[in-house]
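In what follows, a single structure is set out as structure tokens and then discussed.
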């Protein structure tokens, strides 16, 4: 379902600096945050806020383009 949604985003957004590109970069940001949380010196509270923000942005993009993503 996620792959189908990403294809919908790519097809429907279609512009340079599109929502598709943004959600791809947000996923990279999540991966980076995940790796940073493995390091003891990382300020966990700050990193968790970054993760929360990225997940919210990804959800909003998916909700905009994929009708099967709903908030219950």
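No lab work stands behind these numbers, since they all come straight from the coordinates. Computed from a prediction, not measured in an experiment: that's the story for all the values here. Glycine gets a Cβ as well: all are built from the backbone with ideal geometry, and neighbour counts include every protein chain shown.
Could you please let me know if residue 55 is surrounded by 11 or more Cβ atoms within 10 Å (Cβ to Cβ), over 21 Å from residue 4 (Cβ atoms) and without any contact (Cβ under 8 Å) to a residue 40 or more places away in the chain? No: the conditions fail for residue 55. The set of residues in the stretch 8-24 being in a helix (DSSP H, G or I) and loosely packed, with under 12 Cβ neighbours inside 10 Å consists of 11 alone.
What's the total number of residues in the stretch 34-52 that are closer than 22 Å to residue 23 by Cβ and part of a helix (DSSP H, G or I)? If you could, list the steps in order and put the result at the bottom.
From the stretch 34-52, those closer than 22 Å to residue 23 by Cβ are 34-37, 47-52; that's our starting set.
Keeping just the survivors that are part of a helix (DSSP H, G or I) gives 34-36, 47-52.
Qualifying residue count for the region: 9.
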